[in-house]
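A.B. asks: Provided herewith is a single structure, encoded as structure tokens, for subsequent inquiry.
Here, each number is a calculation from the coordinates, and none is a lab measurement. Please read all numbers here as calculations on a predicted model, not as lab measurements. Reconstructed Cβ throughout: ideal geometry from the backbone, glycine too, with neighbour counts over all protein chains shown.
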Amino acid sequence: MTNTRIPGLGERPPVEFTFASRSVVAQAGDSIAMALWATCDLTLRQSSRDGAPRGVLCNMGICYECLVVVDGVTVRACTTLVRAGMHVELGGKP
């Protein structure tokens with residue numbers, strides 16, 4: 001699988017983490033949301049109301065649409081940077 005990157009940003013060191021029990025390689029400085037977006041993982045949680053898929057909406061930490069669980073703690077994927085070895089799972093309601 002290849003990551004789609006914006007041309008001209010330059011290469012940054014790779015960072016490997018897991019999402020939903022599979023390996024993902026991002027670049028240092030990526031947020032979880034953008035690292036997963038680059039690999040076409042757009043669903044980050046299910047709606048607590050009707051089970052509909054939810055993902056990145058505001059991408060600046062105002063809403064709670066991109067909640068994921070990182071090493072047992074619920075965080076916003078758009079404001080949390082990837083780090084080597086982190087375990088990310090689908091999130092739930094806030």
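A.B. asks: Can you put S31, S48, S21 in order, fewest other beta carbons within 10 Å first?
C.D. replies: Fewest-to-most ranking of S31, S48, S21: S21, S48, S31.
A.B. asks: Another question, if that's okay. Give the order of L90, L67 when sorted by the count of other beta carbons within 10 angstrom, beginning with the fewest.
C.D. replies: Lowest count first: L90, L67.
A.B. asks: For the chain, take every pair of Cα atoms, bin their distances at 10 Å starting from 0, and report each bin as a whole percent.
C.D. replies: With a bin width of 10 Å, the distribution comes to 18, 53, 26, 4, 0.
A.B. asks: Provide V73, V68 in ascending order of the number of other Cβ atoms located within 10 Å of each residue's Cβ, fewest first.
C.D. replies: Starting with the residue having the fewest Cβ neighbours, the order is V73, V68.
A.B. asks: Springs between alpha-carbon atoms under 10 Å, Gaussian network over the chain: tell me which of R22, R83, R45 tops the mean-square fluctuations.
C.D. replies: R22
A.B. asks: Stretch L42-V75 to full length: gain in nm at 0.36 nm per residue minus the Cα-Cα span?
C.D. replies: Residue separation times 0.36 nm, minus the Cα-Cα distance, leaves 10.3 nm.
A.B. asks: So how much slack lies between E16 and C58, counting 0.36 nm per residue of separation and subtracting their Cα-Cα distance, in nm?
C.D. replies: Contour length minus the Cα-Cα distance gives 12.6 nm.
A.B. asks: Once the other residues with Cβ under 12 Å from the Cβ of V68 are scored (Lys, Arg +1; Asp, Glu -1), what is the net sum?
C.D. replies: Once all neighbours under 12 Å are counted, the net charge is -1.
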